[in-house]
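In what follows, a single structure is set out as structure tokens and then discussed.
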Amino acid sequence: MFSLPFNNFTIEVKGETCRSSNNGTITITTTENHNYMATASVNGELVTQTFLNSTSFQNLEAGTYSICITIEDEPDYESCFTTQVTKPDNLKVLSKVNLKSKIISLYLKGGDTYSIVLNNELIQITTNNLDLNLKPGINTLKITTNTACQGVYNELIELPFEDIRLFPNPIKQGENFYISTGGINTSEIEVSIYSTLGSLITSNNYKNITKSNLKIDVTNLPKGLYMVKFSSLEITKSYTIIIE
């Protein structure tokens, strides 16, 4: 009775590179050479391929395929198998923000490698979970996979600033006051001082802010009531200050 080695057939399946790309393949190789015929239903039609030791069904859409192999010189021989051509999932992202700890937790699905850009900084991971630190103000988040057609995830996360305050207030004439910057991470802050009539008295830009308390020189201002405007890329606030 005719028989083949149990490991005569090797089946290699490659899924679609993108959803609906219809470029999956099923490749059959054998250890023994015979006049084989492999028959499969492809796109609703029966397709038969003859081969000696290797053949491929190509341009396959995702789905389940049943393939039967016969041998021309052995009419009683038939071997059938079922296999699956897969398609990649769409990128799925679940994000949770902890306002107290200023951390965003990401739960990712669909890719093998993820590229995460948070505030213009790139991180690449192969795991499905990640915690990242957020800054006060606006945070930009973009996530992709190593397969472009799986989609892009974008999110804007806004965190409140810590209390930005001006002190001391009132102040004595000839002294300076300070602005607590509330942990702002910015390259430039503008502080403008106006009279009660709205006239600009002075305006200064402070760059590369590294201290939490910003010293404002008002030693040349006379006694009175003034409006102080604090501006950065992330926030704008106005205050009233009294010089006694």
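What follows draws every value from the coordinates through simple rules; no lab data is involved. Keep in mind that this is a model prediction, so the values were computed, not measured. Note: ideal-geometry Cβ built from the backbone for every residue, glycine included; neighbour counts use all protein chains shown.
Charging the Cβ of each Asp and Glu at -1 and of each Lys and Arg at +1, and nothing else, the dipole of the chain about its Cα centre rounds to 2080 debye.
The relative contact order of the chain, computed from alpha carbon pairs under 8 Å that lie at least 6 residues apart in sequence, is 12 percent. Projected onto its three principal axes, the C-alpha set of the range 92-159 covers 33, 19, 16 Å, listed from the longest axis down.
The relative contact order of the range 9-85, computed from alpha carbon pairs under 8 Å that lie at least 6 residues apart in sequence, is 31 percent. The radius of gyration of the Cα set in the chain, together with its Dmax, comes out at 34.2, 113 angstrom. Normalised by the number of residues in the range 92-159, the average gap of Cα pairs under 8 Å and 6 or more apart makes the relative contact order 30 percent.
With the convex hull of its Cα atoms as the shape, the range 9-85 has an orientation-averaged projected area of 4.7 nm². Here the residues K100, K237, ranked from fewest to most Cβ neighbours within 10 Å of their Cβ, fall in the order K100, K237. For the cross-link pairs K100/K172; K96/K229; K96/K207; K102/K207; K102/K172, the ones whose C-alpha atoms lie over 28 Å apart are K100/K172; K96/K229; K96/K207; K102/K172.
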